[in-house]
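K.L.:
Below is the structure I would like to discuss, written out as structure tokens.
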Amino acid sequence: MLGIGLSWNEPNIDDVKDQYTSEVFYRINLTAHFEITPSAQLIINPTLNPSQDALFYLGIRGRITL
């Protein structure tokens, strides 16, 4: 499964810009009970890190079902 997520946040903190987040992910079923999901995220104007204009993250999640 391929997915895209987008979000917008308007913080209630004075003099802080709106935060925009995007994510792209792909879920890979390795077996009937195990899957991994690599992802890439881009955060523009991160609210909790105002010294940065943008942050980029790569991640991987795993899921095991019984």
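K.L.:
Of all residues in region 12-29 being at pLDDT below 95 and of a type in the set (A, V, I, L, M, F, W, C), which is surrounded by the most Cβ atoms within 10 Å (Cβ to Cβ)?
P.N.:
Val16
K.L.:
Additional query: Let me spell it out: the conditions are (1) outside any loop (DSSP other than H, G, I, E, B); (2) open to solvent by less than 100 Å² (accessible area, probe 1.4 Å), and Leu6 meets all of them except one. Which number is the exception?
P.N.:
Among (1) outside any loop (DSSP other than H, G, I, E, B); (2) open to solvent by less than 100 Å² (accessible area, probe 1.4 Å), Leu6 violates only (2).
K.L.:
Which residue pairs have Cβ atoms under 9 Å apart, sit 6 or more places apart or on different chains, and have a first residue in region 54-66 that is free of Cβ contacts under 8 Å to residues at least 60 places away in the same chain and a second that is open to solvent by 50 Å² or more (accessible area, probe 1.4 Å) and of a type in the set (S, T, N, Q)?
P.N.:
Leu55/Gln41; Leu55/Asn49; Phe56/Gln41; Tyr57/Gln41; Leu58/Gln41; Gly59/Gln41
K.L.:
Within region 30-48, restricting attention to residues that are without any contact (Cβ under 8 Å) to a residue 24 or more places away in the chain and within 17 Å of Ser7 (Cα to Cα), which residue is farthest from the chain's Cα centre (by Cα)?
P.N.:
Residue satisfying both the conditions and the ranking: Leu48.
K.L.:
Right, here's the next one. Would it be correct to say that Ser39 is among the hydroxyl-bearing types (Ser, Thr, Tyr), at pLDDT 95 or above and in contact with a Lys or Arg (Cβ under 8 Å, 6 or more places away or on another chain)? Talk me through it step by step, then tell me what you get.
P.N.:
Working: among the hydroxyl-bearing types (Ser, Thr, Tyr): yes; at pLDDT 95 or above: yes; in contact with a Lys or Arg (Cβ under 8 Å, 6 or more places away or on another chain): yes.
Answer is yes for this residue.
K.L.:
For Leu66, only one of the following conditions fails: (1) over 17 Å from the mean Cα position of the chain (by Cα); (2) open to solvent by less than 100 Å² (accessible area, probe 1.4 Å). What is its number?
P.N.:
(2)
K.L.:
For region 9-38, give me the residue count where each residue is out of contact with any Asp or Glu (no Cβ under 6 Å at 6 or more places or on another chain) and assigned to a loop (DSSP other than H, G, I, E, B).
P.N.:
The qualifying residues number 11.
The values are calculated or read from the model by the stated rules, or taken from the named source; none is laboratory data. A quick note: this is a predicted structure, and the numbers were derived from the prediction, not measured. Ideal geometry is used to build each Cβ from the backbone, glycine not excepted, and the neighbour counts take in all protein chains shown. In case anyone asks, the SASA skips ligands and DNA or RNA and just uses the protein heavy atoms, side chains included. Shrake-Rupley method; radii C 1.70, N 1.55, O 1.52, S 1.80 Å.
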